[in-house]
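Below: the structure, in structure tokens.
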Amino acid sequence: MKKKILIAVLGLASLGAFGYANTASFKLTYFAPRAQNGPNWPNSLWTVEFETMTYTRSSFQDTSFSFAYEFFLTKELSLVFSLDTFSKSKSGAFKDYLAFQLGNQIWAVSNQNAPFMDQSTFSAMHRLNISITPIQLAVKVAPLGRRTKLIPYIGAGVGLYLWSVRLQGDIVSSGEEYIYETFTGLQLPIYPVYSTDAYEGEGFGKISFGYHIFGGVMFPVANRMTVEIELKLNNAKGKLSQGFEGFDLFDIGSFQLSLGVNYWF
């Protein structure tokens, strides 16, 4: 069913090749994952990552590119097919632990106990990669029409969200506590560090359904060309499995601020 819907949406976009698309848009987008986290989402992967690692929500904000076809239905109403792309990879260190090697095993010790260790310590780190590709269909309304010097618009629609998340590197197993005795006889709690490569959505990516709302304004700059500024809010969640068992739904929603150029057919 998901594949059939995806093929249908892509087929709609292909109509532009036969002259049915009234506007083609190319946009530079500042993409900010919503990344819901905190006390209201205690079992969110975003919450765990931001509480334990040195990166923050802003670490995953970046620019990307978007493309859209717009099909005019009336002077005020149109259908918009859009394709956005986003991928961001960020490395971070554990905020509360340092690591040390004992034999063939890597262990972690809390920052407050690290000064009492008789072993050399180093940062335990891992990398988080997030990829989100919204494929969307929306209804767009330009209440003043499209022949004015300023063309404001609003819209809303649904979409398929292709996404993946990958975590590579160290994981501190804070639930497995052991006791390390220093040369001076001091006993300190330590925790095993495991290497992981957990990948959700490998290959084509996982597919989730969601919706979006947007608004913006277009400025005519030539006979067949306008410049636009647009703000879009995406709402979608995906189910984690495989190496991410135990987490709640993963928030793949986002805020997008775009600057684009529109060519009118």
Give a residue-ordered list of calculated ³J(HN,Hα) values for segment 217-231 (Karplus: 6.51 cos²θ - 1.76 cosθ + 1.60, θ = phi - 60°; whole Hz; x for Gly, Pro). 8, 10, 10, x, 10, 7, 4, 10, 9, 10, 10, 10, 10, 9, 10
For segment 2-264, projected area of the alpha-carbon convex hull averaged over all directions, nm²: 16.9 nm²
Can you tell me how segment 193-260 classifies by the Cα gyration tensor, rounded, prolate or oblate, using a/c under 1.5 as the rounded cut? prolate
Can you list, bin by bin at 10 Å, the percent of alpha carbon pairs in segment 33-164, starting at 0? 10, 25, 23, 18, 11, 7, 5, 1
Taking amide H positions as placed 1.01 Å from N in the peptide plane, with prolines and chain starts having none, which residues 5 or more places from Thr54, or on another chain, fall under 5 Å of its amide H? Ala93, Lys95
Rounded to 10°, Cα long-axis angle of helix 2-14 versus longest principal axis of the chain: 40 degrees
Could you list Asp84, Asp96, Asp251 so that the one with the fewest beta carbons within 10 Å of its beta carbon is first and the one with the most is last? Asp96, Asp251, Asp84
Row for segment 129-265, column shape: gyration tensor on C-alpha, a ≥ b ≥ c, rounded if a/c < 1.5 i.e. under 1.5, prolate if a/b over b/c, else oblate; value prolate
Along the Cα→Cβ direction, 7 angstrom out, place labels at Trp264 and Asp197. What is the inter-label distance in nm? 5.3 nm
Counting helices only, and only those DSSP H runs with n ≥ 4, report the 222 nm mean residue ellipticity of the chain as the sum of -39,500 (n - 2.57) divided by its residues, in deg cm²/dmol to the nearest 500. -2500 deg cm²/dmol
Here FRET efficiency (C-beta to C-beta, Ala32 to Val217, R₀ 25 Å, nearest 0.05) is 0.80
Residue by residue through segment 151-164, what is 3J(HN,Hα) from phi via Karplus (6.51 cos²θ - 1.76 cosθ + 1.60, θ = phi - 60°)? Round to whole Hz and write x for glycine and proline. 10, x, 8, 9, x, 7, x, 10, x, 9, 10, 8, 8, 8
Report the calculated FRET efficiency for Thr56 and Ala24 (r = Cβ-Cβ distance, R0 = 41 Å), to the nearest 0.05. 0.70
Please give the contour-minus-distance gain from Thr85 to Thr148: 0.36 nm per residue of separation, less the Cα-Cα distance, rounded to one decimal in nm. 19.6 nm
7 Å from Cα along Cα→Cβ at both Glu176 and Met125: what's the point-to-point distance in nm? 2.3 nm
Full-extension gain in nm, Asn235 to Lys95, via 0.36 nm per residue minus C-alpha separation: 47.4 nm
Contour minus Cα-Cα span, Gln112 to Phe244, at 0.36 nm per residue, comes to 44.6 nm
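Computed from the coordinates by the stated procedures, all read-outs in this text should not be read as laboratory data. From a predicted model like this one, the values you see are computed outputs, not experimental measurements. When we count neighbours, we look across all protein chains shown, and the Cβ atoms used for this are built from the backbone with ideal geometry, even at glycine.
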